[in-house]
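Single-structure report; data block below.
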Amino acid sequence: MSLFSCQKSAAQTGPVTYLQYRLSEMRNRTEYIFERTEDGTCYLTRILGYRDEEGKKVQVPEATAEELWQIIQEEKMTKYKESYTPTFDIRDGYMWLLDVRFKEGKLYTGGDNVMPDGGKGIHRLEKYLENLWEKMVPPVAEHLEYHESGSMAEPIWHFKLEYDRENQQYWLINASKCHRTEARRVEVPVDYVKQIWPIVNEEQMCSYQRDYRSEWDVLDGRSWNIYITFLDSRKSVYSSGYEAWPAGNGVERIEQWCCNTWKALEKKAEPYPLKEY
């Protein structure tokens, strides 16, 4: 970690005028760059992966500069060392870098498979930047599948939303209450698809546990599973249950989205037989 050779200045005074945070893993990279111009305008750039060299840049609230400074102060990040390295060899791990400039002073630190204070401050900063980005650029679903079965495992609902990257089209497939060979599909405008993330976010569906089970034995009960991924985002929902559901109304609201979207667009549906569920 000889790259981390810059020194912290003797005194730091907020707000933050520039911040670069990067987390690099074997196959993934996430990088945020915050910039505050002389007139106070603030921008945030996010770079994902190793092929995305420039990333996307958006304007963010001016308060961001002070909020970043507050996090850095509260987590005592100005006291971080230049570099953090493990006492033993770790392969295929991670590396992180934090470069911050304030109204007065700067901070430059980073590490290899080790974070100060167990990563508390770094993780808080990363979460703040991630939430800010999602507020300014809400994630858009790439794939959704919702399946619910009743007694005898007969499908009550079976919807699949698929994104055709080549043609930039969304398709909603409906194989509910029918044989899979009788399934149909309809093209879905992106405005409908943008309704999915607010549901997932409000219901905190990305934190659902993998499986939900009833405390009591239930014969011929209802089972469900749901899977959602988003474009240019690591956020996802992957959960299932048998006669048990997570707190809130997330599963029900996704079911309603599928049914309502299909009802609104059904007149344009075309046959689309499914080979298997």
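The values are calculated or read from the model by the stated rules, or taken from the named source; none is laboratory data. In this text the structure is predicted, and so the values were computed from the model without any measurement. In this analysis, Cβ positions are derived from the backbone assuming ideal geometry, glycine residues included, and neighbour counts consider all displayed protein chains.
Checked against (1) surrounded by fewer than 16 Cβ atoms within 10 Å (Cβ to Cβ); (2) modelled with pLDDT of 95 or more, Asp89 passes all but condition (2).
If you go through the range 47-64 and keep only what is among the aliphatic types (A, V, I, L, M) and within 18 Å of Arg234 (Cα to Cα), you end up with Ile47, Leu48.
Residue-wise test of (1) in a loop (DSSP other than H, G, I, E, B); (2) buried (at least 18 other Cβ atoms within 10 Å of the Cβ); (3) of a type in the set (Lys, Arg); (4) in the same structural domain as Lys106 (by TED's automatic domain parsing).
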position: Tyr21; (1), (2), (3), (4): no, yes, no, yes
position: Ser24; (1), (2), (3), (4): no, no, no, yes
position: Arg27; (1), (2), (3), (4): yes, no, yes, yes
position: Thr30; (1), (2), (3), (4): no, yes, no, yes
position: Ile33; (1), (2), (3), (4): no, yes, no, yes
position: Gly40; (1), (2), (3), (4): yes, no, no, yes
position: Tyr43; (1), (2), (3), (4): no, no, no, yes
position: Tyr50; (1), (2), (3), (4): yes, no, no, yes
position: Lys57; (1), (2), (3), (4): no, no, yes, yes
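Picking from residues in the range 191-214 that are over 11 Å from Val140 (Cβ atoms) and of a type in the set (Lys, Arg), the one that is farthest from the chain's Cα centre (by Cα) is Arg213. For the range 217-242, the set of residues classified as in a loop (DSSP other than H, G, I, E, B), more than 19 Å from the chain's Cα centre (by Cα) and in contact (Cβ under 8 Å) with a residue 12 or more places away in the chain consists of Val218, Asp220, Gly221, Arg222, listed by residue number. Within the range 252-277, can you find the residues that are touching an Asp or Glu at 6+ places or on another chain (Cβ under 9 Å) and free of Cβ contacts under 8 Å to residues at least 60 places away in the same chain? Listed by number, the list holds a single entry, Arg253. Would you be able to tell me the number of residues in the range 183-216 that are in a helix (DSSP H, G or I) and touching a Pro at 6+ places or on another chain (Cβ under 7 Å)? Summing the residues that are in a helix (DSSP H, G or I) and touching a Pro at 6+ places or on another chain (Cβ under 7 Å) in the range 183-216 gives 1. When the range 212-245 is limited to residues that are among the aliphatic types (A, V, I, L, M) and modelled with pLDDT of 90 or more, the one that is nearest to Tyr32 (Cα to Cα) turns out to be Leu231.
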